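Quick notes on the structure that follows.
The values are calculated or read from the model by the stated rules, or taken from the named source; none is laboratory data. This is a predicted model, so every value here is computed, not measured. When we count neighbours, we look across all protein chains shown, and the Cβ atoms used for this are built from the backbone with ideal geometry, even at glycine. Heavy atoms of the whole protein, side chains included, go into the accessibility calculation; ligands, DNA and RNA do not. Shrake-Rupley method; radii C 1.70, N 1.55, O 1.52, S 1.80 Å.
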Amino acid sequence: MPTVFKFGGASIKDADAIRHLTPLIEAHADRPLVVVVSAMGKTTNKLETLLAAARDDGRKDAYRDCFDALQAEHREAIESLFGDASDSPRERVDVLFEELDAQHRKHRDAPYAKHYDQTVCYGELISTTIVAAWLNHCGIATDWHDARELVRTDACHQSANLDWTATADAIRGRLAGSERVILTQGFIGGTEQDEATTLGREGSDFSAAIFAHCLDAREVVIWKDVTGLFNADPRRFDNAVQLERLSYAEATELAWHGAKVIHPKTLGPLQEKSIPLMVRSFETPEAAPSVIDAERRFDAEVPCCILRERQVWLEVLPRDFAFMDEPRQHDILGRLVEAGLHANLIDSSAMRFALCLDDKPERLEALIDSLETDYELRREDTLTLLTVRHPRPGMMDALSEGREALAERRNATTAQRLFHSDDCPETWHIPEAR
């Protein structure tokens, strides 16, 4: 049974980071070991900037400057790692950059989503070419595999849907029985027509889950620059603590409410086969990880606090002073779906249906334009939504002290309150149990 490692961009951001992951792979002696790797550092963001310049006739100089800078960054990493060594991957990486440049010319007039996938995928292709060469250079027998040939999807660019049967056949056919390190890309896949696709944000974690599911892996390890998952964002809560254990279901709940944990689509394939997921630190690998598995008895031990900022409170009222009944609620939620928005909190009364939404201007304005034809609207901006999973008695009141709640919702496991952002502290403190 293989283990699947996933390394994100921060763990391979430069030559020193790539050197640092080598002992992590060496220390795991069991083979096969599947290693799923993202693009280096902030490469994906830079490729998106490059893409925007490529599609604008007036930004040819900006395109070339961005392209040259990106290539120079990767060449610098290669030079630092390999020097003049004969096994340097510089020529192979240069070819990939030539392909990237050609893809921009080929697809610049194509729909944006298709152009995006045909070009952004090169971040992962380039990074894994460098990492695979480095591992072999260090004496770690490593095979590089193109995820576009293994992760088979439809042509829904930027958010491709997996063909599980074709993917399982490809992965098992190519990788089963290997006794080496198998290195491949996260985030990307391919269609039957050999066009690149991407799996959406958090797609690299999903890729790791896909390989684990298809190969009946023992476990998945996601390597991050933190020791694990926390019960609150440590940058905003001064007493956040690491979560030692949580269930697939609890991790999904936290992600639903906006916590930066593991995306639910990553957890589904693992839960189906009871494959545990561990989050470990590549900086302090000896530290205890956070473990996500089927065990639910630890879920309520530690309250978890989640902040969603840049929220909009939208109240929808019938123009004819009629009840906000089920047909009207159905209509409003249908328009919400059409706009591609998710309601972070819903509140209703006899003549009012209210939604707390992320402030995504293009989608939000489309929703408002649609609703204004049939309903009266009231809107408040610049809000912060606080969600607490498994709150202790009095906890929400302590967290809310000194500020007025515009709305709140509560059930047996979750409490939410909505505040004006100007009333909220920069640093929060989770109250101790009384």
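Quick check on my filter: what residues within segment 200-210 are among the hydrophobic types (A, V, I, L, M, F, W, C) and in contact (Cβ under 8 Å) with a residue 60 or more places away in the chain?
Once the filter is applied, which keeps residues that are among the hydrophobic types (A, V, I, L, M, F, W, C) and in contact (Cβ under 8 Å) with a residue 60 or more places away in the chain, segment 200-210 yields 206, 208, 209.
Just need a number here: residues in segment 357-409 that are among the basic types (Lys, Arg), touching a strand residue (DSSP E or B) at 6+ places or on another chain (Cβ under 7 Å) and either over 30 Å from residue 300 (Cα atoms) or open to solvent by 50 Å² or more (accessible area, probe 1.4 Å) (or both).
Counting residues in segment 357-409 that are among the basic types (Lys, Arg), touching a strand residue (DSSP E or B) at 6+ places or on another chain (Cβ under 7 Å) and either over 30 Å from residue 300 (Cα atoms) or open to solvent by 50 Å² or more (accessible area, probe 1.4 Å) (or both) gives 3.
Is it true that residue 311 is touching a helix residue (DSSP H, G or I) at 6+ places or on another chain (Cβ under 9 Å), assigned to a strand (DSSP E or B) and surrounded by 13 or more Cβ atoms within 10 Å (Cβ to Cβ)?
Against the criterion (touching a helix residue (DSSP H, G or I) at 6+ places or on another chain (Cβ under 9 Å), assigned to a strand (DSSP E or B) and surrounded by 13 or more Cβ atoms within 10 Å (Cβ to Cβ)), residue 311 qualifies.
Residue by residue through segment 74-101, note down the ones that are over 28 Å from the mean Cα position of the chain (by Cα) and either part of a helix (DSSP H, G or I) or within 21 Å of residue 64 (Cβ to Cβ) (or both).
79, 80, 81, 82, 90, 91, 92, 94, 95, 98 - these are the residues of segment 74-101 that are over 28 Å from the mean Cα position of the chain (by Cα) and either part of a helix (DSSP H, G or I) or within 21 Å of residue 64 (Cβ to Cβ) (or both).
Output yes when any residue across segment 421-432 is at pLDDT below 95 and not hydroxyl-bearing (Ser, Thr, Tyr), and no when none is.
So far as segment 421-432 goes, yes, one or more of its residues are at pLDDT below 95 and not hydroxyl-bearing (Ser, Thr, Tyr).
Determine if segment 111-124 includes at least one residue that is under 30 Å from residue 22 (Cα atoms), assigned to a helix (DSSP H, G or I) and of a type in the set (A, V, I, L, M).
Yes, some residue in segment 111-124 is under 30 Å from residue 22 (Cα atoms), assigned to a helix (DSSP H, G or I) and of a type in the set (A, V, I, L, M).
Being closer than 20 Å to residue 120 by Cα and part of a strand (DSSP E or B) is the filter here, so list the residues in segment 159-181 that pass it.
Result: 162, single match.
Within segment 11-22, can you find the residues that are surrounded by fewer than 17 Cβ atoms within 10 Å (Cβ to Cβ) and at pLDDT below 95?
Within segment 11-22, 20, 22 qualify.
Could you list, in sequence order, the residues of segment 273-300 that are among the β-branched types (Val, Ile, Thr), crowded, with 16+ Cβ neighbours inside 10 Å and over 16 Å from the mean Cα position of the chain (by Cα)?
Residues satisfying the conditions are 275, 291, 292.
Given (1) of a type in the set (A, V, I, L, M); (2) over 26 Å from residue 391 (Cα atoms); (3) part of a strand (DSSP E or B); (4) over 14 Å from the mean Cα position of the chain (by Cα), identify the lone condition not met by residue 270.
(3)
Kindly establish whether residue 211 is closer than 27 Å to residue 284 by Cβ and within 14 Å of the chain's Cα centre (by Cα).
no
Restricting attention to segment 174-196, which residues are without any contact (Cβ under 8 Å) to a residue 40 or more places away in the chain and over 24 Å from residue 131 (Cβ atoms)?
191, 193
Name the single residue, out of those in segment 314-330 being in a helix (DSSP H, G or I) and touching a residue at least 24 places away in the same chain (Cβ under 8 Å), that is surrounded by the fewest Cβ atoms within 10 Å (Cβ to Cβ).
329
For segment 120-162, which residues satisfy the criterion of being within 22 Å of the chain's Cα centre (by Cα) and hydrophobic (A, V, I, L, M, F, W, C)?
Answer for segment 120-162, where residues must be within 22 Å of the chain's Cα centre (by Cα) and hydrophobic (A, V, I, L, M, F, W, C): 120, 121, 125, 126, 131, 147, 150, 151, 155, 156, 160, 162.
Among residues belonging to segment 24-40 that are open to solvent by less than 30 Å² (accessible area, probe 1.4 Å) and not β-branched (Val, Ile, Thr), point out the one that is modelled with the lowest pLDDT.
Result: 32.
Within segment 342-350, identify whether any single residue is assigned to a loop (DSSP other than H, G, I, E, B), in contact (Cβ under 8 Å) with a residue 24 or more places away in the chain and of a type in the set (Val, Ile, Thr), and answer yes or no.
no
Hey, any hits in segment 265-280 for a residue that's of a type in the set (Asp, Glu), in contact with an Asp or Glu (Cβ under 8 Å, 6 or more places away or on another chain) and modelled with pLDDT of 95 or more?
No, there is no match, as no residue in segment 265-280 is of a type in the set (Asp, Glu), in contact with an Asp or Glu (Cβ under 8 Å, 6 or more places away or on another chain) and modelled with pLDDT of 95 or more.
If I ask for residues that are in a strand (DSSP E or B) and either touching a Lys or Arg at 6+ places or on another chain (Cβ under 7 Å) or at pLDDT below 95 (or both), which ones from segment 182-209 would you list?
188, 189, 190, 196, listed by residue number.
Spot the failing condition for residue 350; the list is (1) under 30 Å from residue 37 (Cα atoms); (2) hydrophobic (A, V, I, L, M, F, W, C); (3) surrounded by fewer than 19 Cβ atoms within 10 Å (Cβ to Cβ), and only one is missed.
Going through (1) under 30 Å from residue 37 (Cα atoms); (2) hydrophobic (A, V, I, L, M, F, W, C); (3) surrounded by fewer than 19 Cβ atoms within 10 Å (Cβ to Cβ) one by one, residue 350 breaks only (1).
For the condition in contact (Cβ under 8 Å) with a residue 40 or more places away in the chain and open to solvent by less than 50 Å² (accessible area, probe 1.4 Å), what is the one hit in 70, 162?
Checking each option against the conditions leaves just 162.
Residues being crowded, with 17+ Cβ neighbours inside 10 Å and either assigned to a helix (DSSP H, G or I) or in contact (Cβ under 8 Å) with a residue 60 or more places away in the chain (or both): count how many of those fall in segment 211-253.
25
Between a residue in segment 1-24 that is under 19 Å from residue 137 (Cα atoms) and any residue that is open to solvent by 20 Å² or more (accessible area, probe 1.4 Å) and assigned to a helix (DSSP H, G or I), which pairs come within a Cβ distance under 6 Å, given they are 6 or more apart or on different chains?
15/80; 18/134
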